[in-house]
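What follows is a short report on a single structure.
Nothing in this text is a laboratory measurement; each read-out follows from the coordinates by a stated rule. Bear in mind the structure is a predicted one, so any value in this text is a computation, not a measurement. Note: ideal-geometry Cβ built from the backbone for every residue, glycine included; neighbour counts use all protein chains shown.
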Amino acid sequence: MRRVSFKKLIRGVFELLKRKKSMSEVVNSMLEAPANEGYEPPTIVLGQFERVGSTFYLDQLEKRHIVHNEPYRLLIPDSWPISREYNGRLQSVDEFFANPEVSGVDKHWFRNFFVSLHYPGSQIVKETNVFLALPQLLELFPKSPIHLLTRNPLGIASSFKRNDLYNRWRYDQVAHTLGVQLDAGKQDGHEAMLHMVRQDGEWFERLTWLMGLNSVLLSRHIDMDRVVQIIRYEEDVIPLSTDETVANDRVQDSIFATNIIKERDDFEARLSDDELRLIGKAMEECTNFVGQEFDSSDQVLFPSLFSRHIGSERVGSTYGSSARKLGQVSVATETSALLPITVDGELDSELNRSLVKLVSEQAVLWDRSLVTNEQMGRFLKRILEYGHNPAHNYLLFMEHMPSSRGGRISYEDENNILQQTIGFDDHPVYWISWIAASLYAYSQGMRLPYYSEWHKAYLALGEAVHTPDANHSYASDDTTPTGQGEGKIPGDFFGNLKIWCQDWSGPEAVSKKLAGISWKHYMHPDYQLMGERPYLTNSRVIGARLVCCSECPRPQQKSMDEVIARLNEVIDIMESTQVQTVQDLTQLNHRISDVLSSESCAHEQKEQRL
């Protein structure tokens, strides 16, 4: 079936922006115009809660689709009144987009975010636990098919207990924020929802009521005609067969092999008899409460997501145990201490780095190391000291990601300080945008590689890239120190993190190319060496490796005044440029990219023509 061109697809979107500020009109223009020309909106995967097997499910989908893991929950800034984390009344996306107090920078980011998730192609957007922000999420995808992931609340609670996730993922704070939003919003049934949020008892009892609340919200806001399937963890994710061949085949397809070698959900192996009893009691009380306090329309999905499991805590059987023992915490989610980032004087001699030429025919020197947490942390610290507005931190990095979820650099609003997680200084930095990576490269007189340069080096090096230090396919629970290995070939040239590339992934200029593989990606026969990511966003699997020309003098570090001038120019372009057509968007993004890309020398220009 013929697909509509990207330009034709979203031209109508931007033509609406001048005369109307309704985001719904923008969305509808995008989705309805090509309805008969083969265009399909992205598939939405929603979880009943966290720990429902979504990672395994996405691992399978990623082999053939472009997958976005919780982009709305993770990337929408906390200060925006459409975020799950916002402490106040949530606004509709229409309200937010029409608000004259929302800056041009914010609107450009949000517009680019929206367009990138609707890029023609087979895309998957997975979200779990957006709670009261679910209507805002669904506003962006009014015609997307929906898959629902579910799991027995006992299994979810047992998974939370294994790594103390209720505390480390700050679920008391989540409940507090929900209470603030409910008090401010006064939506239908808000008193009943407040009762569900403000439960007493043990953490697992409070967690059970939050699972019930999310099941009510999913029932209220999801159009059942859009639900393609409900994926049950117990029946569709765990290999149920005792045949070792079946289980092993399933394991080979998953990067999380250590967590799925079991015949059934093994909550009895992790929860005590008292915990099982109390969770079961909470499930019954929550189900009775929902039946009394909410309309039938708010209970459509409740049996499938929640109440069907009542009584399962009394089933006596011997369960297989997970390979990861109770109480064992992975490096990736371990809570670590934070220290303020300090910089004495000018940025230190970053150029005392090891640069290597990997391909004799290529005029490119590669940094042996990926950009580290220490390097990026000190760089961001200097940017703040030179007057960068913290309100625009989201353009550069994930500023409020806790260490228990992989946060390595965080920003403390109250004291305007950056903090860094202890023990990861020499690990490669992630949760950084293409803008942050490019700006840091510019500061060092270097640049990001083009994908063709990386791919040529990858092919030339052959098996040599598959070193013991190549960290991928979940060989480690997180990144490992970068720059390891003997010889000139970087040990993690293929591994640790995917890297941002200089070039756009397509003519519409909303996403940049990625190269390589990360610690969290499984190397299988269909693995794609080239990926793409919206350039204004960030991820836990993407970092940066710098390059420079081997035929020119050694790179010269830029002053912070020059760096800040470039960043301010980018922000000014976003703030002042009117976007009315797709050509406007493309030109704006090219202007931003050109500002941040170092001037190409003759050798680099020749390399790109080859």
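Data table
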quantity	calculated
Cα centroid separation, region 263-287 to region 508-573 (Å)	46 Å
Cα-Cα pairs of region 116-237 separated by more than 20 Å (percent)	50 percent
Per-residue HN-Hα couplings for region 196-208 [Karplus 6.51, -1.76, 1.60; θ = phi - 60°; Hz; x = Gly/Pro]	6, 6, 9, 6, 9, x, 5, 4, 6, 6, 4, 4, 4
Square roots of 5 times each gyration tensor eigenvalue, C-alpha, region 494-570, largest first, Å	27, 17, 13
Label point distance in nm, Asn167-Arg226, each placed 7 Å from Cα along Cα→Cβ	3.9 nm
Over 19 Å between alpha carbons, listed pairs Lys63/Lys126; Lys143/Lys520; Lys63/Lys513	Lys143/Lys520
Convex hull per residue volume in Å³, alpha carbons only, for region 396-459	125 Å³
Amide H contacts under 5 Å for Arg447, placed H, 5+ residues apart	Val547
Amide H within-cut-off set for Ser433, under 5 Å, with H built and near neighbours excluded	Phe397
In sequence order, calculated HN-Hα J values of region 167-174 (Karplus, 6.51, -1.76, 1.60; Hz; x Gly/Pro)	7, 6, 9, 6, 6, 5, 5, 4
